[in-house]
Amino acid sequence: MRSDSDAVGVALRAGRVIGLLALAALVIAFPSLAPDPFILSVGVVITSYAVLATSWNFVGGFTGYISLGHAAYSGLGAYATGLLIVRAGFDPWVALFAGGVLVALLAVPIGIASLRVRGASFVIVSIALVLITLLVFQSWGDFTGGSDGLRVPRPFGPDVMRPEQHERFFYLHAALLAVALLCWWVIDRSRFGAGLKAIREDEDKAQSLGVPTFAYKLVAFVVSAFFTALAGGLYALWFGFLDPVFQFSILAGSYLVLMSLLGGIRSLFGPVLGAVVVGYAMEYFKAQYGDTQLHLVAMGVLLAVVVLFMPDGIIPALNGLVNRFRPRAASIREVTQGELAERRREAEPPTSKQEVGR
């Protein structure tokens, strides 16, 4: 039984490695497989959603804090990148990284203030942050462009055609996604990650056991804001135009929560899978039904299905299904009949003849 369980474990690990290699090959080949520039642009949007959902998962997956306000950090990253290029004359790639750092620094005081509350109070604070940033960037028109928007120069110049722009930005988003996933994986297997999971399960008990809960939450919050800002800045360089109503949208933050819940917030690739499903569904409904709000109805139905039938997400549900058919190791180590007889002889008391001789 034990050897069967080990063989199944080896097969599962090999299957994961093969699946990961196949996924990497598919990502690399996608631009050449896309039949037209529109499908390629949809791929860019989906990879952008995947980066954003993975970034959100640093907070939601590790600490259990549900934030509906992560659109504030992606919007701040987008505007920081665009304003550094337009107003300060920065190189686009320097502006992208500098914008991420600036948003991460800004997230420190925001996190110190907001992480002192939990549950519904934290959700309300995150929503308030989105509304505040929306009002600020709409009202400060002389600097941010206000409701007229901000036009961001594309980094590759006018000689690069639109399809090639899509291809390059698809690979850039995929590279950023790989870095975010690697960072999440490292944290998940570290002592820091164990402390974050303890906070998620029972914060008060974790604090009583000596886990510096507030410091751990703040670090995860800042890392999440940093990657979210990079994703927002990269989107600004690709799309070339920023509108505060779109950038600071509560719906965008809700989509990130839905993507992560659908795939599984406690798994590495859960938000990526959720981003592929939700992102494709949204783009499909927008393409088929135009400016109608049918895509919002579809997202609401999908969220209800996830909550009712797959509360832990798709990947944990599949893992549970696989474990049901996996051979279970015996709780007591199996021994041979000869080993059992030898142990019984060693445990037997002296014979009657030996006692008479004494």
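The values are calculated or read from the model by the stated rules, or taken from the named source; none is laboratory data. Everything numeric in this text was worked out from a predicted model, so none of it was measured. Every residue, glycine as well, gets a Cβ built from its backbone with ideal geometry; the counts of neighbours run over all protein chains shown. The accessibility values were calculated without ligands, DNA or RNA, using every heavy atom of the protein model including side chains. Shrake-Rupley method; radii C 1.70, N 1.55, O 1.52, S 1.80 Å.
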Say R0 is 56 Å: what FRET efficiency, to the nearest 0.05, do Asp142 and Arg345 get from their beta-carbon distance? 0.05
For the chain, give the magnitude of the charge dipole about the Cα centre (Cβ charges: +1 Lys/Arg, -1 Asp/Glu; no others), in debye to the nearest 20. 1000
Quick one: among Ala53, Ala72, Ala128, which has the greatest mean-square fluctuation in a GNM of the chain with alpha-carbon springs under 10 angstrom? Ala128
Heavy-atom surface of the chain, accessible at 1.4 Å and reported per residue (Å²): 54
Placing each pseudo-label 7 Å from Cα in the direction of the beta carbon, Ile124 and Ala11 end up separated by a distance in nanometres of 5.3
Hey, what's the per residue convex hull volume over the C-alpha atoms of region 173-262, in cubic angstrom? 117
Ordering Val51, Val10, Val125 from largest to smallest accessible area (1.4 angstrom probe), what's the sequence? Val10, Val125, Val51
Given H placed 1.01 Å from N in the peptide plane, which residues other than close sequence neighbours of Phe90 have an amide H under 5 Å from its amide H? Ile85
I need to check one value: relative contact order of the chain, counting alpha carbon pairs closer than 8 Å and at least 6 residues apart, in percent. 30
Segments 35-44, 110-119, 273-282 sorted - mean Cβ within 10 Å per residue, highest first: 273-282, 35-44, 110-119
Whether region 27-98 is rounded, prolate or oblate, judged on the alpha carbon gyration tensor where a/c under 1.5 counts as rounded: oblate
Taking the alpha carbon gyration tensor of the chain, what are the square roots of 5 times its eigenvalues, largest first, to the nearest whole Å? 50, 25, 19
Keeping the other protein chains in place, figure out the carbon and sulfur percent of the accessible area of the chain, with a 1.4 Å probe. 65
Sum of side-chain charges, Val108 neighbourhood, beta-carbon under 15 Å (Lys, Arg +1; Asp, Glu -1): +2
